[in-house]
Amino acid sequence: MDVPIQLSLPLPRSMDTRIYLQLTVKSKAVVLFLTTASAEEATSPTPLGSFVYALPDRYNPTQPLSTPLCTVEPTLEFTTRLAKLITRRTQLPTYVGNSVSFASTGLGGTVEEEMEAFKQVAELVLSRLKSANATPNGAQS
């Protein structure tokens, strides 16, 4: 599946803001970009945010390695955790770009709100990866 999948889901505890995702599964890598936008911001550009590369550790497959390629502090932890999760589940190198903002959530981006959004994004992305049979070296399961 080299064609990008574009999805959106509501930002938890937010009135009109959505998280937009673009997921591309290549034969040897996964590429994911995330951002948020409300109805009035939909046409304006958003900043890049953080961009993280994660890859499987051959010696410890449960602990992927990661390196930030571009860092924006408010989005770095979310991006790194998501990249490592996808890598751990698929055993494929993963690139994740994230500019999700939690400023429009009910409490302005508490840990609980961020964790709820992380869970929703992870479930959606992993379900799409499972349906795309994303496995190491492009092997179909």
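The values are calculated or read from the model by the stated rules, or taken from the named source; none is laboratory data. Bear in mind the structure is a predicted one, so any value in this text is a computation, not a measurement. Here Cβ is always computed from backbone atoms with ideal geometry, including for glycine, and neighbour counts include all displayed protein chains. Just the protein is used for accessible areas: all its heavy atoms, side chains included, with ligands, DNA and RNA removed. Shrake-Rupley method; radii C 1.70, N 1.55, O 1.52, S 1.80 Å.
With a 1.4 Å probe and all protein chains kept in place, how much accessible area does K119 have, in Å² rounded to the nearest 10?
120
To test your reading of the geometry: what angle, between 0 and 90 degrees and rounded to tens, separates the Cα axis of helix 73-90 from the longest principal axis of the chain?
30
Per DSSP H run of at least 4 residues, take -39500 (n - 2.57); add these up for the chain, divide by its residues and hand me the 222 nm value, nearest 500 deg cm²/dmol.
-9500 deg cm²/dmol
Where does helix 111-131 land angle-wise versus the long Cα axis of the chain, in degrees 0 to 90, nearest 10?
40
In nm, give the distance between the simple-model label positions of T67 and E40, each being 7 Å from the Cα along the Cα-to-Cβ direction.
4.2
Going by amide H atoms built from the backbone, whose H comes under 5 Å of the H on S101, apart from near neighbours?
Residues meeting the amide H criterion: T36.
E123 to Y59: extension gain in nm, 0.36 nm per residue of separation minus the Cα-Cα distance?
Details: separation 64, 0.36 × 64 = 23.04 nm, distance 2.67 nm.
Here the answer is 20.4 nm.
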